[in-house]
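Q: Handing you a structure now.
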Amino acid sequence: MASAPGKAMTLVLHDPDQIKAIHKRVKRAQGQIVGITRMLEEGRTCEEIVTQMSAVSKAINTAAISLISASLIECLESDHPDTEAISARLQKLFLTLA
C-alpha cells in the first residue's frame, strides 16, 4: 500500500475470504444483469424490470461497501505508515456511493 513520492498509493484488498465474498456478490449481480437483458427482450413489464435493476444496484453497492470496509479494516490493523492517508481515501471512496 505504500507509495513512492509523487505517486498515488494503491489500495489492494488482501483478505482471501473477503475477496471471495465480494466476487460472489459481483457474479450474482452479473447474472441478474443477464436476466434483465432477457426480460427486456421478452417484453416484460417496466415494474418487473425496474425491480430487478434495483436488486442489481443494491448488490453492487453492497459489494462496494464490503470492499471499502474490508480494506479499511486491513489498513487499521496494519502498521502501515500511511494509515491516515489510506483511511481518508477509503472514506472518499465510500462517499462516492452516496
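The values are calculated or read from the model by the stated rules, or taken from the named source; none is laboratory data. Just so we're clear, the structure is a prediction, and the values are computed from it rather than from any experiment. In this analysis, Cβ positions are derived from the backbone assuming ideal geometry, glycine residues included, and neighbour counts consider all displayed protein chains.
Q: Within segment 33-47, does at least one residue satisfy the condition of being within 15 Å of the chain's Cα centre (by Cα) and of a type outside the set (Gly, Ala, Ser)?
A: Among the residues of segment 33-47, not one is within 15 Å of the chain's Cα centre (by Cα) and of a type outside the set (Gly, Ala, Ser), which makes the answer no.
Q: I would also like to ask the following. From the list ALA21, ALA55, exactly one residue is modelled with pLDDT of 95 or more and under 30 Å from GLU84 (Cβ atoms). Which is it?
A: Step by step, each of ALA21, ALA55 is checked, and only ALA21 is modelled with pLDDT of 95 or more and under 30 Å from GLU84 (Cβ atoms).
Let's see how each residue does on (1) basic (Lys, Arg); (2) surrounded by 12 or more Cβ atoms within 10 Å (Cβ to Cβ); (3) in contact with a Ser or Thr (Cβ under 8 Å, 6 or more places away or on another chain):
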position	(1), (2), (3)
LYS20	yes, no, no
THR37	no, no, no
THR45	no, no, no
SER57	no, yes, no
PHE94	no, yes, no
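Q: Of everything in segment 70-82 that's in a helix (DSSP H, G or I) and surrounded by 15 or more Cβ atoms within 10 Å (Cβ to Cβ), which residue is modelled with the highest pLDDT?
A: Filtering segment 70-82 for residues in a helix (DSSP H, G or I) gives 70-77.
From what's left, surrounded by 15 or more Cβ atoms within 10 Å (Cβ to Cβ): 70-72, 74-75.
On the way: ALA70: 93, SER71: 90, LEU72: 88, GLU74: 88, CYS75: 83.
Across segment 70-82, the extreme among qualifying residues is ALA70.
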